[in-house]
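K.L.:
Okay, handing you the structure first.
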Amino acid sequence: MDFDRHRRLRSSKSMRNLVSETHVRKDDLIYPIFVVEKDDVKEEISSMPGIYQISLNLLHEELKEAYDLGIRAIMFFGVPNEKDPEGHGAYDEHGVIQEATRIAKQLYSDLLIVADTCLCEYTDHGHCGLINEQTKDVDNDRSLPLLVKTAISQVEAGADIIAPSNMMDGFVASIRKGLDDAGYENVPIMSYGIKYASSFFGPFRDAADSAPQFGDRKTYQMDPANRREALRELESDLHEGADMMIVKPALSFLDIVRDVRNHTNVPVVAYNVSGEYSMIKAAAQNGWIDEKAVVMEQIKSMKRAGADIIITYFAKDICRYIDEG
């Protein structure tokens with residue numbers, strides 16, 4: 001009979017490993033950590049099993065565990081003691097992310113620190129920029145200088161990569177110019193330029209205490225129905241100086257990851273967000289799925305779609321899975 005024998009290359013585990021097209025490495029992963037200013041806090045986030053809010057004085061324990069597992073890139077999110085309308089804590093020289101960065105760099109000089117550059121965790125209204133009191137909308141242009149101040153303060157504390165997540169128009173250009181003018185022209189920007197107004201962010205807002213106190217973020221984050229718009233955002237951010245592009249969320253937007261990969265040669269970053277994490281954890285705790293198998297299938301799908309780097313709350317789990325072979 002005349003037909004192809006595709007199963008020849010699936011005949012054993014060793015054979016399948018030999019011809020595998022997609023691989024997940026520890027070096028592909030960025031692990032997010034939520035740091036609080038309060039002392040002696042290590043509190044599990046109820047909607048994100050296994051993920052904690054950790055105080056600065058206990059941060060060394062979490063960093064050691066991640067480092068010993070082989071994680072070499074982390075992303076800090078800050079939860080300040082106090083919030084105000086202009087998010088002063090974001091650009092405070094001794095803000096929570098700034099202090100966490102100093103601690104991490106003192107402990108592990110080769111650990112890459114990615115700083116989330118936004119105001120939402122620091123504003124009492126929970127939005128990513130300043131509020132126009134007349135329109136009650138986010139004031140794009142007045143927010144940009146504060147984002148620049150935030151980025152510079154994070155780099156001065158030791159951050160290696162600036163990751164602006166605010167989705168203001170012109171944020172990459174403003175931050176790039178601000179960093180360059182301050183003498184930090186070699187610090188890369190990992191842009192959240194393709195960030196959708198997704199329902200998968202809910203658990204993160206519990207973790208970062210950053211839910212909007214009124215309205216939503218649909219006027220500045222992207223409509224999940226749109227695909228071509230992502231390429232417009234990509235083009236703008238690359239023109240303005242982005243060095244890496246994040247697609248967030250990842251799992252429901254793998255087509256966007258592939259589109260971005262096809263239209264750029266800069267590193268593509270998939271953000272495996274909190275809702276994607278929590279669904280798997282909940283299903284696994286109920287015995288409905290094999291957690292390890294599902295996590296690795298999910299992460300491989302992001303790599304297969306074109307992601308070079310993955311930000312994921314599963315990073316420590318994945319490192320253990322890799323060690324187990």
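K.L.:
Using a simple charge model, +1 on the beta-carbon of Lys and Arg, -1 on the beta-carbon of Asp and Glu, nothing else, what dipole does the chain show about its Cα centre, in debye to the nearest 20?
P.N.:
1660
K.L.:
Using only Cα atoms, tell me the angle between helix 171-181 and the longest principal axis of the chain; keep it within 0 to 90° and round to the nearest 10.
P.N.:
Once rounded, one gets 70 degrees.
K.L.:
Would you check region 76-216 for Lys pairs whose C-alpha atoms are within less than 21 Å, ignoring same-chain pairs closer than 8 in sequence, and give me the count?
P.N.:
Within region 76-216, the lysine pair count is 4.
K.L.:
Next question. Could you pull out every one of the aspartates and glutamates with an alpha carbon less than 12 Å from that of Lys281, ignoring same-chain neighbours closer than 8 positions?
P.N.:
Result set, ordered by chain and number: Asp290, Glu291, Asp317.
K.L.:
Leaving out ligands, DNA and RNA, and with a 1.4 Å probe, what % of the accessible surface on region 113-157 is carbon or sulfur?
P.N.:
Using a 1.4 Å probe with all protein chains present, region 113-157 comes out at 48 percent carbon and sulfur.
K.L.:
If I model a spin label as a point 7 Å beyond the Cα along the Cα-Cβ vector, how far apart are those points for Asn265 and Glu82 in nm?
P.N.:
5.0
K.L.:
Based on the Cβ-Cβ distance from Asp40 to Leu107, what FRET efficiency comes out when R0 is 22 Å, to the nearest 0.05?
P.N.:
0.70
K.L.:
Turning to a different aspect of this structure: Quick check on my link table: of Lys248/Lys303; Lys64/Lys303; Lys64/Lys316, which ones sit more than 18 Å apart, alpha carbon to alpha carbon?
P.N.:
On the way: Lys248/Lys303 14 Å; Lys64/Lys303 27 Å; Lys64/Lys316 11 Å.
Where the Cα-Cα span goes over 18 Å, the pairs concerned are Lys64/Lys303.
K.L.:
Specify the angular offset, from 0 to 90 degrees and rounded to the nearest 10, of the alpha carbon long axis of helix 291-305 from the longest principal axis of the alpha carbons in the chain.
P.N.:
The two axes meet at around 80 degrees.
K.L.:
What ranking do 154-163, 314-323 get when scored by the average of other Cβ atoms within 10 Å per residue, highest first? Spell out each step's value before the answer.
P.N.:
On the way: 154-163: 22.2, 314-323: 19.2.
Listed from highest to lowest mean packing, they are 154-163, 314-323.
K.L.:
How far apart, in nanometres, would the label points at Arg142 and Val19 be if each is projected 7 angstrom from Cα along the Cα-to-Cβ direction?
P.N.:
6.2
K.L.:
By how many degrees, 0 to 90 and rounded to 10, does the Cα axis of helix 140-157 deviate from the longest principal axis of the chain?
P.N.:
It is inclined by approximately 70 degrees.
K.L.:
Hey, can you find the accessible area per residue of the chain for me, probe 1.4 Å, expressed in square angstrom?
P.N.:
Here the per-residue accessible area is 46 Å².
The values are calculated or read from the model by the stated rules, or taken from the named source; none is laboratory data. What you see is a predicted model; the values in this text were computed from it and never measured. Neighbour counts run over all protein chains shown; Cβ positions are idealised from the backbone, glycine included. The area values use the complete protein model at the heavy-atom level, side chains included, leaving out ligands, DNA and RNA. Shrake-Rupley method; radii C 1.70, N 1.55, O 1.52, S 1.80 Å.
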